[in-house]
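A.B. asks: There's a structure below that I have some questions on.
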Amino acid sequence: MSEPLRIGIAGLGTVGSSVAQILKNKSNSLAHRCGRPIAVTGVSARDRSKDRGFDMSGISWFDTPEQLAASPDIDVFVELVGGENGAALEGIKAAIGSGRHIVTANKALLARHGVELARACEDKGLILNFEAAVAGGIPVIKTMRESLAANDCSRVYGILNGTANYILTRMERDEISFDDCLADAQRLGYAEADPTFDVEGQDTAHKLAILTSIAFGTEVAVDQIYVEGISNISLSDIHAARDLGYRIKLLGVAQRTATGIEQRVHPTMVPLGSMIGQVDSVTNAVAIEADTVGSLLLSGPGAGGNATASAVIGDIADIAKSRPGHQEAPVFGRPANELEPYRRAGMSSHAGGYFIRLTVHDRLGVFASLAGHMAENDISLESIVQRKASNGDADAAKTVILITHESTESEVRKAVNAILDDGHLIGKPQVIRIEPAG
């Protein structure tokens, strides 16, 4: 059997500790599957005294990721520190400079520096694997980068953040508000103390930017994504969606259009009976539409120590099985120097169905005004739902829900703004896109 593949792990949090423990527990089976042993020979973390839950005897300790990456006693640098800059980035750069292969779970770093790092690795014949950076334990990167090589993708979309999906699931299932669901998610450890990154869509945007690059052969463009979060989703929206045969999900969507690549993250109404509409709680799902294979849906755990560690170890195993001096698949599916500049399709031209919820004064002329503004902007309505006032007050609030046929974003926004100017609304209108989903 060949010499062991020597692993250096930077970051011994939940995922890093799980990786080390699984590599030890499954050392025999991994050696048989990979054709060589895999051994952790070095680690780096902030607190040397902390109990990590695994035996560290025989493993060298390094005070910084850069020192670990430069060690001659490792072959692969596994970056699990996190963050788009700082120690994570410096550690990876040191690994490239020292000729070490790299495995990372860092979606923020890849979204900001992925193309630059890919070029550097490809120039030196190094492997940069990052399965765990998107959708946790779901093997979507390998599927898109390698297994779908014969396909041209037209659309990739999915539920890419377990925290947001958990909150929306609980709101519908248990009839509780967004704030109450968020507090519960924080108590259970599904949401951070500052949940903004998850619930306002930035985490999903980072992951979507990576998928977009692989799907369409473009440079990563995380700053070119239209992003909305779920903090403004109310129980009224949840109820109305269900009554109309839909469920609300936070989706990341990338698709090819005639004017460029459209990338967007926002609450979306999907059919109750669709496969992605039935993905609940912290589970993630990624749907891929391509010309040769048709449609695929991959679903599974999107976070957690063991699920993420599974993806990290899969990347390590691929390196163990690779031929020395032979570079595997390009980092983003095609050589980094051949990635096309990202050409953004503006959201104003996005076409699709829309759910529009309006709280209006219950008085004469309101409905005629709403219908008029829709007609003025060439918006065809599929259905209209009116909910009567709860008392006899002629000027009480009433909810009007409009479902449009395919319309553009600009048409819908013009109509809603005109309705706002009329003074009939109480509070802000709610606009949610409807996504065709399998």
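A.B. asks: All but one of (1) free of Cβ contacts under 8 Å to residues at least 12 places away in the same chain; (2) over 31 Å from the mean Cα position of the chain (by Cα) hold for Gly86; which doesn't?
C.D. replies: (2)
A.B. asks: Just for segment 65-85: of the residues that are of a type outside the set (Val, Ile, Thr) and in contact with a strand residue (DSSP E or B) (Cβ under 6 Å, 6 or more places away or on another chain), which one is surrounded by the fewest Cβ atoms within 10 Å (Cβ to Cβ)? Break it down into steps so the answer makes sense when it comes.
C.D. replies: Kept after step one, since they are of a type outside the set (Val, Ile, Thr), are these residues of segment 65-85: 65-73, 75, 77, 79-80, 82-85.
Now narrow it down to the ones that are in contact with a strand residue (DSSP E or B) (Cβ under 6 Å, 6 or more places away or on another chain): 65, 68-69, 71, 73, 75, 77, 79.
Working: Pro65: 28, Leu68: 29, Ala69: 26, Ser71: 20, Asp73: 11, Asp75: 21, Phe77: 29, Glu79: 28.
The qualifying residue surrounded by the fewest Cβ atoms within 10 Å (Cβ to Cβ) is Asp73.
A.B. asks: Moving on. Please go through segment 257-283 and give me each residue that is out of contact with any Pro (no Cβ under 8 Å at 6 or more places or on another chain) and surrounded by 19 or more Cβ atoms within 10 Å (Cβ to Cβ), ordered by number.
C.D. replies: Passing the criteria: Ile261, Glu262, Gln263, Arg264, Val265, His266, Pro267, Thr268, Met269, Val270, Ile276, Val279.
A.B. asks: Does Gly229 fit the bill of being assigned by TED's automatic domain parsing to the domain that holds Ser281, crowded, with 18+ Cβ neighbours inside 10 Å, within 14 Å of Leu160 (Cα to Cα) and out of contact with any Lys or Arg (no Cβ under 7 Å at 6 or more places or on another chain)? Show your work before the answer.
C.D. replies: Details: assigned by TED's automatic domain parsing to the domain that holds Ser281: yes; crowded, with 18+ Cβ neighbours inside 10 Å: yes; within 14 Å of Leu160 (Cα to Cα): yes; out of contact with any Lys or Arg (no Cβ under 7 Å at 6 or more places or on another chain): yes.
Yes.
Here's the yes/no breakdown for (1) within 20 Å of Asn306 (Cβ to Cβ); (2) surrounded by fewer than 21 Cβ atoms within 10 Å (Cβ to Cβ); (3) not assigned by TED's automatic domain parsing to the domain that holds Ala317:
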position	(1), (2), (3)
Ser17	yes, no, no
Ile22	yes, yes, no
Ser49	no, yes, no
Asp63	no, yes, no
Ala87	no, yes, no
Leu109	no, no, no
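A.B. asks: Next up: Going through segment 234-253 one residue at a time, which ones are farther than 15 Å from Asp203 by Cα and touching a helix residue (DSSP H, G or I) at 6+ places or on another chain (Cβ under 6 Å)? Don't jump to the end; show me each part of the working.
C.D. replies: Our first condition is that a residue be farther than 15 Å from Asp203 by Cα; within segment 234-253, this holds for 234-248.
Once the filter is applied, which keeps residues that are farther than 15 Å from Asp203 by Cα and touching a helix residue (DSSP H, G or I) at 6+ places or on another chain (Cβ under 6 Å), segment 234-253 yields Ile238, Arg247, Ile248.
A.B. asks: Scan Thr268, Thr259 and give me the residue that is of a type in the set (S, T, N, Q) and in contact with a helix residue (DSSP H, G or I) (Cβ under 7 Å, 6 or more places away or on another chain).
C.D. replies: Details: Thr268 fails: in contact with a helix residue (DSSP H, G or I) (Cβ under 7 Å, 6 or more places away or on another chain).
After ruling out the rest, the residue left standing is Thr259.
A.B. asks: If Ala351 satisfies all but one of (1) within 30 Å of Glu262 (Cβ to Cβ); (2) hydrophobic (A, V, I, L, M, F, W, C); (3) touching a residue at least 60 places away in the same chain (Cβ under 8 Å), what's the number of the condition it fails?
C.D. replies: Checking Ala351 against (1) within 30 Å of Glu262 (Cβ to Cβ); (2) hydrophobic (A, V, I, L, M, F, W, C); (3) touching a residue at least 60 places away in the same chain (Cβ under 8 Å), the one that fails is (3).
A.B. asks: Name the pairs: first residue in segment 416-429 and more than 19 Å from Ser236 (Cα to Cα) and outside the structural domain of Asp378 (by TED's automatic domain parsing), second residue part of a loop (DSSP other than H, G, I, E, B) and among the basic types (Lys, Arg), Cβ to Cβ under 7 Å, at least 6 apart or on different chains?
C.D. replies: That search, which allows pairs on different chains as well, returns nothing.
A.B. asks: Restricting attention to segment 407-423, which residues are surrounded by fewer than 20 Cβ atoms within 10 Å (Cβ to Cβ) and not charged (D, E, K, R)?
C.D. replies: Matches in segment 407-423: Thr408, Ser410, Asn417, Ala418, Leu420, Gly423.
A.B. asks: Can you find a residue in segment 261-268 that is within 17 Å of Ala215 (Cβ to Cβ), among the polar types (S, T, N, Q) and not assigned by TED's automatic domain parsing to the domain that holds Glu79? I'd like the intermediate steps shown before the answer.
C.D. replies: We begin by selecting, within segment 261-268, every residue within 17 Å of Ala215 (Cβ to Cβ); these are 261-265.
Those still in the list that are among the polar types (S, T, N, Q) too: 263.
Next, from what is left, pick out any that are not assigned by TED's automatic domain parsing to the domain that holds Glu79: 263.
Checked against the condition, which is being within 17 Å of Ala215 (Cβ to Cβ), among the polar types (S, T, N, Q) and not assigned by TED's automatic domain parsing to the domain that holds Glu79, segment 261-268 yields at least one hit.
A.B. asks: When you scan segment 375-382, do you find a residue that is of a type in the set (Gly, Ala, Ser), under 23 Å from the mean Cα position of the chain (by Cα) and not assigned by TED's automatic domain parsing to the domain that holds Gln21, even just one?
C.D. replies: The answer is no, given that none of the residues of segment 375-382 is of a type in the set (Gly, Ala, Ser), under 23 Å from the mean Cα position of the chain (by Cα) and not assigned by TED's automatic domain parsing to the domain that holds Gln21.
A.B. asks: Do we find that Arg264 is in contact with a strand residue (DSSP E or B) (Cβ under 7 Å, 6 or more places away or on another chain), of a type in the set (Lys, Arg) and closer than 29 Å to Ile401 by Cα in this structure?
C.D. replies: On the way: in contact with a strand residue (DSSP E or B) (Cβ under 7 Å, 6 or more places away or on another chain): yes; of a type in the set (Lys, Arg): yes; closer than 29 Å to Ile401 by Cα: yes.
Taking the combined requirement at face value, the residue satisfies it.
A.B. asks: Of all residues being more than 24 Å from Asn232 (Cβ to Cβ) and modelled with pLDDT under 85 in segment 368-393, which is surrounded by the fewest Cβ atoms within 10 Å (Cβ to Cβ)? Just the residue, please.
C.D. replies: Gly392
A.B. asks: Give segment 127-169 a look and list any residue that's of a type outside the set (Gly, Ala, Ser) and more than 26 Å from Tyr226 (Cβ to Cβ), or say none. I'd like the intermediate steps shown before the answer.
C.D. replies: Let us first name the residues in segment 127-169 that are of a type outside the set (Gly, Ala, Ser), namely 127-131, 134, 138-146, 148, 151-153, 155-157, 159-161, 163, 165-169.
Those that are of a type outside the set (Gly, Ala, Ser) and more than 26 Å from Tyr226 (Cβ to Cβ): Ile127, Leu128, Asn129, Glu131, Pro139, Lys142, Glu146.
A.B. asks: Go through (1) surrounded by 17 or more Cβ atoms within 10 Å (Cβ to Cβ); (2) modelled with pLDDT of 95 or more for Tyr190 and report which single condition fails.
C.D. replies: Condition (2) is where Tyr190 drops out.
A.B. asks: What are the residues in segment 113-154 that are acidic (Asp, Glu), buried (at least 17 other Cβ atoms within 10 Å of the Cβ) and either part of a loop (DSSP other than H, G, I, E, B) or touching a Lys or Arg at 6+ places or on another chain (Cβ under 9 Å) (or both), if any? Quick ask: steps written out before the conclusion?
C.D. replies: Start the filter on segment 113-154 by keeping residues that are acidic (Asp, Glu), which leaves 116, 122-123, 131, 146, 152.
Cutting the leftovers down to buried (at least 17 other Cβ atoms within 10 Å of the Cβ) gives us 122, 131.
Across segment 113-154, the qualifying residue is only Glu131.
A.B. asks: Further question on the same structure: How many residues does segment 256-282 contain that are part of a strand (DSSP E or B) and under 15 Å from the mean Cα position of the chain (by Cα)?
C.D. replies: First, the residues of segment 256-282 that are part of a strand (DSSP E or B): 256-257, 260-271.
Within this subset, residues satisfying the condition of being under 15 Å from the mean Cα position of the chain (by Cα) are 263-268.
Qualifying residue count for the region: 6.
The values are calculated or read from the model by the stated rules, or taken from the named source; none is laboratory data. Please read these numbers as outputs of a predicted model, since none were measured by experiment. No Cβ is skipped: glycine too gets one built from the backbone with ideal geometry, and neighbour counts run over all protein chains shown.
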